[in-house]
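Contents: one structure, followed by commentary.
Quick note: the coordinates plus some simple rules give every number you see, no bench work behind them. These numbers come from a predicted model, not from an experiment. All Cβ positions, glycine included, derive from the backbone under ideal geometry; neighbour counts span all protein chains shown.
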Amino acid sequence: MKKKYLNLSAFWLIIMVLLIAAPVYADSRACTVRLCFSENQEVYQKIKVPPNTSVCLPVPDPKSYDYSKKNFMGWDTQRGKFRNAKYVPGKSVLITGNITLYDVSFSVKDDVAEKPVSVPSKYKKVIIVGDSRMKGIYNGVVQRYGRDPLSKVRFLYKTGHGFSWFNDVIGSYKSFNLRSKYKPGAASELYRYLKKDSGNGKNRIAVIIAYGVGDIHGAENSKEVSRAVKRVVKILNALAEDLKKQNVDLYYANIGPGNGRLSKYLQEADIMKYNKGINGQLNNYTIIPLCQMMYQHGFFFNQPADGVHYSVNTSTRMFNLLMNCLQ
């Protein structure tokens, strides 16, 4: 009986030792992610996670990062980069071991205007449909280079709206009358433009649709983003079906980057989820990977930075990114 009692005591002693040692052992196996600022190598944050864990790396807080002089592009193992970060905001990163990452920052000095390129010769006209960001492109080009570069480009935009403004007369292109008094909306205005500038076999019209910010603005969870994707895909595919026999090439420009630290209503992860969902479900559209291209080329927010709207110079470069995708 005594021997049995000693065995039980030894058993519980071993359990206690294991319980005490477990956190220490687990911590010894944890991977450390050191996030540092390139300028002075100051450590911004340390993150400890188990091996082979996917994490979404943080965006610097405005209290620690001067968004009036530079804009955050992501994190990279290489110090001193100013664009094309290896790990962009909103994407999960698989951590397999200890790693030190540096901020990739696009400064106001890097944010230079870019002379507008010409509309590709195969198009008679380009129509850009969007929201306040497209208004920013129009204003940026006109402010820096005048209206001449836009002689073959029409802009159709409405600030503060999403695709709800787009769904007014889709399905009625054949019967649409220029003199009809439809409720003003993106589809009716687009149809009006297309009727006036109808292309022929050799000179087609390119329609670039660059909407979406208003549809995920303020999304509280991923389900709301998924519902927005479903709603937008339905509208865009109906539009493509309505215009399939016209001399029109349809393009959809992904939502460009935002900054969730500056705007709580537009989170990077929501943008990534939305763009991914849209890309896989559109019919008869050429996708313009605007978000990816802007991280590669660099961008700067309008000042004071709101995490949504871009600077005048960035807007001129966005125009060229869109035009170059029409080649």
* **Residue-span extension gain [Lys244 to Asp197] - 0.36 nm each, minus C-alpha spacing** => 15.3 nm
* Structure fact -> Going residue by residue through segment 291-297, the Karplus relation 6.51 cos²θ - 1.76 cosθ + 1.60 with θ = phi - 60° gives ³J(HN,Hα) values, rounded to whole Hz and with x marking Gly or Pro, of 4, 4, 5, 5, 5, 6, 9
* Packing-based exposure ordering (other Cβ within 10 Å, fewest first) of Tyr274, Tyr295, Tyr265 -> Tyr265, Tyr295, Tyr274
* Sequence-distant or interchain residues sharing an amide H contact under 5 Å with Ile209, placed H: which? -> Val129, Tyr251, Tyr252, Ala253
* Can you put Leu239, Leu178, Leu101, Leu150 in order, fewest other beta carbons within 10 Å first? -> Leu178, Leu150, Leu101, Leu239
* For Gln45, enumerate residues with amide H under 5 Å from its amide H, sequence gap 5+ or separate chain, H modeled in the peptide plane. => Leu35
* Report the extension gain between Gln45 and Thr77 in nm, rounded to one decimal, defined as 0.36 nm multiplied by the number of residues separating them, less their alpha carbon distance. => 10.0 nm
* Asked: For a label point 7 angstrom out from the Cα of Ser121 toward its Cβ, which stretches of segment 203-231 have the backbone nitrogen within less than 18 Å?
  -> 203-206
* **Estimated FRET transfer efficiency when R0 is 51 angstrom, pair Asp148-Thr96 (beta carbons, to 0.05)** => 0.45
* To do: Above 33 angstrom, tally the Cα pairs of the chain and express them as a % of all pairs, no decimals.
  => 38
* **Beta bridges by DSSP in the chain, antiparallel share as percent, to the nearest 5** => 45
* Asked: In nm, to one decimal, how far is the modelled label at Asn283 from the one at Lys264, with both set 7 Å along Cα→Cβ?
  -> 4.1
* Structure fact -> With label points set 7 Å from each Cα along the Cα-to-Cβ direction at Asp61 and Arg29, the distance between them in nm comes to 3.2
* **Tilt relative to the chain, helix 132-145 - C-alpha long axis, 0 to 90 degrees, to 10** => 60
* Asked: If you count the DSSP beta bridges with both ends in segment 185-327, what percent of them are antiparallel, to the nearest 5?
  -> 10
* Asked: Taking other Cβ within 10 Å of each residue's Cβ, how do Leu243, Leu326 sort, fewest first?
  -> Leu326, Leu243
* Counting helices only, and only those DSSP H runs with n ≥ 4, report the 222 nm mean residue ellipticity of the chain as the sum of -39,500 (n - 2.57) divided by its residues, in deg cm²/dmol to the nearest 500. => -11000 deg cm²/dmol
* Structure fact -> If amide H atoms are modeled at 1.01 Å from N in the peptide plane, then the residues at a separation of 5 or more from Phe301, or on another chain, having amide H under 5 Å from its own are Ser311
* Tally Lys and Arg at +1 and Asp and Glu at -1 over the other residues with C-beta under 9 Å from the C-beta of Phe106: what net charge comes out? -> 0
* To do: Can you give me the three principal axis dimensions of segment 29-107 from its C-alpha atoms, in Å, biggest first?
  => 39, 21, 20
* How large is the charge dipole for the chain, taken about the Cα centre, if only the Cβ atoms of Lys, Arg (+1) and Asp, Glu (-1) carry charge, to the nearest 20 debye? -> 820
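Report the local net charge at Tyr123: Lys and Arg +1, Asp and Glu -1, summed over other residues whose C-beta lies under 10 Å from its C-beta.
+4
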* Asked: Taking R0 as 35 Å, what's the FRET efficiency between Glu220 and Asp110 from their Cβ-Cβ distance, rounded to 0.05?
  -> 0.55
